[in-house]
Amino acid sequence: MYCNRMEDIAYDSSVFLFRGMTMSSVVVSGSSSLYGEVSIQGSKNAVLPILAASLLHSGVTVLKDCPCISDVSDMLLIMEDLGCQIKWDNNFLIIDATKLNQIPVTGDTAKKTRASILFLGALLSRNKHAVISYPGGCTIGKRPIDIHVNSLKKMGALLEDEENFLTCNVSKLRGTRIEFPSPSVGATENILLAAVLAEGITEIVNAAREPEVTALCEFLIQSGAKITGLGTSCLRIVGVDELHDTSYQVPPDRIVAGTYLTAVAATSGYAVIHGVIEQDLAEVIYVLRKMGCLIDIRENKAFIKRKGTLQSPGTITTEPFPGFPTDMQSQFLSLMSVAYGESVVEERIFEARYNIVDDLNRMGALINIEDKKAIVQGLRRLRGTEVVAKDLRGGAALIVAGLTAEGITVVRNTDYVERGYVDICKDLRNLNANIRMIKEA
Ligand code: EPZ
């Protein structure tokens, strides 16, 4: 890991209840209310495409508040292989992409992260050539890249499918009108990276509107790109000859903020959370208020207090932004389990994102999957036990469940959580949670 982080609490064999555990686990002693103040880290899903974007020009990019998480470290390993000079200076990340080589991006690191596919648009723009493996990412669905590939072909790129990787060449990317069959976040970002230095004008119709896409556009504009339509489903890019050095402030991570708001709500707590941009979390805040939380947001600071019993919000359906974010769905399964009444969750973005239901049911929840919907019975008294994270947000949701449960919960495989949370245990200890991370020696 690039970041010089303090090691978490050393290995403690006394709490290991099982064999074959992976590198890290989180031990939570639950059922007390969270209270206190916490500041939100930089956004993972904003910074990952910006890292790829830093390859677009032969120069230096400085990112302030870049989160020190393993998905970032993985991207930086690939960038260093490509010839970038990388330096951390406190919470500044300095990238010098003056010299890039043409090595393939096909190693294990590229295969395990979803964001590695974003090097495709950037390297085609910069080098007119890329050899890149199919990406990995959380096992929440098939996660194809057909929209990325078909769109780049429309811009003149030749992409050869070589089984496990793609060989891509182009003489010059040409701007054109591209209409997405569905608003893919990653495909919108890849085409932005391909279009900013392309010949002519590119229009992306049915573009994703996530705040992380808008952050990428803001970074690119700051670097000299010409993009209009930010925040809308139609982005228009006028290709320019080159970009230039820039320094950019990474926005706070809205999903980390939403996770902690949910944890406070689940434990009948009260807290001040610094770094909550209301319009980026509007749907989540609306549902938490509907469930009975008092939330006041002033100058990107959220004051949250749960009053009385949480009420079921009825049905929540995940949708592209500005709808309810799929990355908050698992955390709400945990929250709904302790709310009054039956709730329904309909996951419409990914076809396999109910990975935590069996573990929550072993903690005492009562959730059934019917017709791709999760039917959640409320007012369940969760009990601590051993559970296993199977993806990033599912791992965070199991920690939220552990915070409300009676007794000790051990969440295994929390390497997944470290992909997106700089230090979830430290943040939650700031809210007076009794929680620690155990790393195998
Ligand atoms: C990004 O993934 C995020 N990851 C995900 O966050 C997030 O859940 C997702 O957007 C939706 O908001 C990063 O930004 C690194 P998509 P991405 O392309 O780009 C289908 C987290 O927990 N699709 O918008 O992969 C796809 O299968 C992660 O931080 C195609 O069919 O998401 C899915 O069903 C998890 N063909 C839907 O579109 C394609 O070519 C949305 O995918 C691309 C996508």
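The values are calculated or read from the model by the stated rules, or taken from the named source; none is laboratory data. What you see is a predicted model, and the numbers here were worked out from it, not measured in a lab. With ideal geometry, Cβ positions are generated from the backbone for all residues, glycine too; neighbour counts draw on all protein chains shown.
A few notes on this one:
- Residue list for segment 315-339, restricted to those being part of a helix (DSSP H, G or I), within 16 Å of the ligand (Cβ to nearest atom), in contact with a helix residue (DSSP H, G or I) (Cβ under 7 Å, 6 or more places away or on another chain) and of a type in the set (S, T, N, Q): 330, 331, 334
- Filtered residues of segment 173-195 (kept if surrounded by 14 or more Cβ atoms within 10 Å (Cβ to Cβ) and charged (D, E, K, R)): 174, 189
- The one condition from (1) within 15 Å of the ligand (Cβ to nearest atom); (2) without any contact (Cβ under 8 Å) to a residue 40 or more places away in the chain; (3) in a helix (DSSP H, G or I) that residue 399 does not meet is (2).
- One residue from 337, 343 being among the hydroxyl-bearing types (Ser, Thr, Tyr) and out of contact with any Pro (no Cβ under 8 Å at 6 or more places or on another chain): 337
- Some residue of segment 113-130 being at pLDDT below 95, aliphatic (A, V, I, L, M) and within 16 Å of the ligand (Cβ to nearest atom): yes
- Of all residues in segment 196-226, those satisfying the criterion of being of a type in the set (Val, Ile, Thr), under 23 Å from the mean Cα position of the chain (by Cα) and surrounded by fewer than 24 Cβ atoms within 10 Å (Cβ to Cβ) are 214, 221.
- All positions within segment 72-112 that are within 23 Å of residue 140 (Cβ to Cβ), within 16 Å of the ligand (Cβ to nearest atom) and of a type outside the set (Val, Ile, Thr): 73, 74, 75, 110, 111, 112
- A single member of 367, 349, 356 is β-branched (Val, Ile, Thr) and under 17 Å from the mean Cα position of the chain (by Cα), and it is 349.
- Criterion applied to 44, 99, 64 was being surrounded by 15 or more Cβ atoms within 10 Å (Cβ to Cβ), basic (Lys, Arg) and in contact (Cβ under 8 Å) with a residue 24 or more places away in the chain, and the one residue passing it is 44.
- Scanning segment 102-151 for residues that are of a type in the set (S, T, N, Q), under 20 Å from residue 76 (Cβ atoms) and surrounded by fewer than 16 Cβ atoms within 10 Å (Cβ to Cβ) returns a single hit, 102.
- Filter result (away from the ligand (no atom under 16 Å from the Cβ), within 23 Å of residue 416 (Cα to Cα) and among the acidic types (Asp, Glu)) within segment 21-71: 65
- Within segment 380-394, restricting attention to residues that are over 22 Å from the mean Cα position of the chain (by Cα) and in contact (Cβ under 8 Å) with a residue 60 or more places away in the chain, the residue that is farthest from residue 422 (Cα to Cα) is 382.
- Residues that are basic (Lys, Arg) and crowded, with 21+ Cβ neighbours inside 10 Å, drawn from segment 338-379: 353
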